[in-house]
1. Could you tell me which numbered condition residue 21 fails, if it satisfies all but one of (1) farther than 13 Å from residue 90 by Cα; (2) out of contact with any Gly (no Cβ under 8 Å at 6 or more places or on another chain)?
2. With the checklist (1) surrounded by 11 or more Cβ atoms within 10 Å (Cβ to Cβ); (2) within 22 Å of residue 3 (Cβ to Cβ) in hand, flag the one item residue 105 doesn't pass.
3. How many residues are outside any loop (DSSP other than H, G, I, E, B), under 10 Å from residue 93 (Cα atoms) and of a type outside the set (A, V, I, L, M, F, W, C) when one looks only at segment 6-18?
4. Considering 21, 4, 48, 30, which residue is at pLDDT 95 or above and over 12 Å from the mean Cα position of the chain (by Cα)?
5. When you check residue 70 against the structure, is it in a helix (DSSP H, G or I) and either touching a helix residue (DSSP H, G or I) at 6+ places or on another chain (Cβ under 7 Å) or free of Cβ contacts under 8 Å to residues at least 60 places away in the same chain (or both), yes or no?
6. What do you reckon, is residue 52 touching a Ser or Thr at 6+ places or on another chain (Cβ under 7 Å), surrounded by fewer than 17 Cβ atoms within 10 Å (Cβ to Cβ) and either of a type in the set (A, V, I, L, M, F, W, C) or part of a loop (DSSP other than H, G, I, E, B) (or both)?
7. Can you confirm whether residue 61 is surrounded by 11 or more Cβ atoms within 10 Å (Cβ to Cβ) and either modelled with pLDDT under 95 or over 16 Å from residue 96 (Cβ atoms) (or both)?
8. Could you please give the count of residues in segment 73-106 that are part of a loop (DSSP other than H, G, I, E, B), among the basic types (Lys, Arg) and within 18 Å of residue 28 (Cα to Cα)?
Amino acid sequence: MNVVTVRVTDDDIREGRPEDVCECPIAYGVRRVLTDYTRIEVGNDNLVIENDSYALRVSLPDEARDFIRRFDGADWYTMEDDTSAIRDKFKPFEFTIEVPTAFVRP
């Protein structure tokens, strides 16, 4: 197992979709550090990494869970087409997760 650092960037926050398990900012950050996956899903408390052989469930640390709660809970639907005022409230951050070596991008 390897400990990897996941960085959620301004671009991830700008492009991420609230309440979308595959297209949220954390999923974007995870994709940059992992390889050999077919799907990554981010839930409220964990993420699931799938490949052709199996699925792996990884617990998310508190800072990631807090981000998900705040990002998904923001009042997106009152902003019409311009969501920048909400997205500006979120700052880049990083966290670590432990994954099998085979999933770690060289």
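1. Evaluating residue 21 over (1) farther than 13 Å from residue 90 by Cα; (2) out of contact with any Gly (no Cβ under 8 Å at 6 or more places or on another chain) leaves (2) as the failure.
2. Failing condition for residue 105: (1).
3. 2
4. Working: 21 fails: over 12 Å from the mean Cα position of the chain (by Cα); 48 fails: over 12 Å from the mean Cα position of the chain (by Cα); 30 fails: over 12 Å from the mean Cα position of the chain (by Cα).
Only one candidate qualifies: 4.
5. On the way: in a helix (DSSP H, G or I): yes; either touching a helix residue (DSSP H, G or I) at 6+ places or on another chain (Cβ under 7 Å) or free of Cβ contacts under 8 Å to residues at least 60 places away in the same chain (or both): yes.
For residue 70, the condition - in a helix (DSSP H, G or I) and either touching a helix residue (DSSP H, G or I) at 6+ places or on another chain (Cβ under 7 Å) or free of Cβ contacts under 8 Å to residues at least 60 places away in the same chain (or both) - is met.
6. Working: touching a Ser or Thr at 6+ places or on another chain (Cβ under 7 Å): yes; surrounded by fewer than 17 Cβ atoms within 10 Å (Cβ to Cβ): yes; either of a type in the set (A, V, I, L, M, F, W, C) or part of a loop (DSSP other than H, G, I, E, B) (or both): yes.
Yes; evaluated as a whole, the condition is true for this residue.
7. No: the conditions fail for residue 61.
8. We begin by selecting, within segment 73-106, every residue part of a loop (DSSP other than H, G, I, E, B); these are 74-75, 79-83, 88-92, 100, 105-106.
Now restrict to residues that are among the basic types (Lys, Arg): 89, 91, 105.
When the remaining residues are screened for being within 18 Å of residue 28 (Cα to Cα), the result is 91, 105.
Count: 2.
The values are calculated or read from the model by the stated rules, or taken from the named source; none is laboratory data. What you see is a predicted model, and the numbers here were worked out from it, not measured in a lab. In this analysis, Cβ positions are derived from the backbone assuming ideal geometry, glycine residues included, and neighbour counts consider all displayed protein chains.
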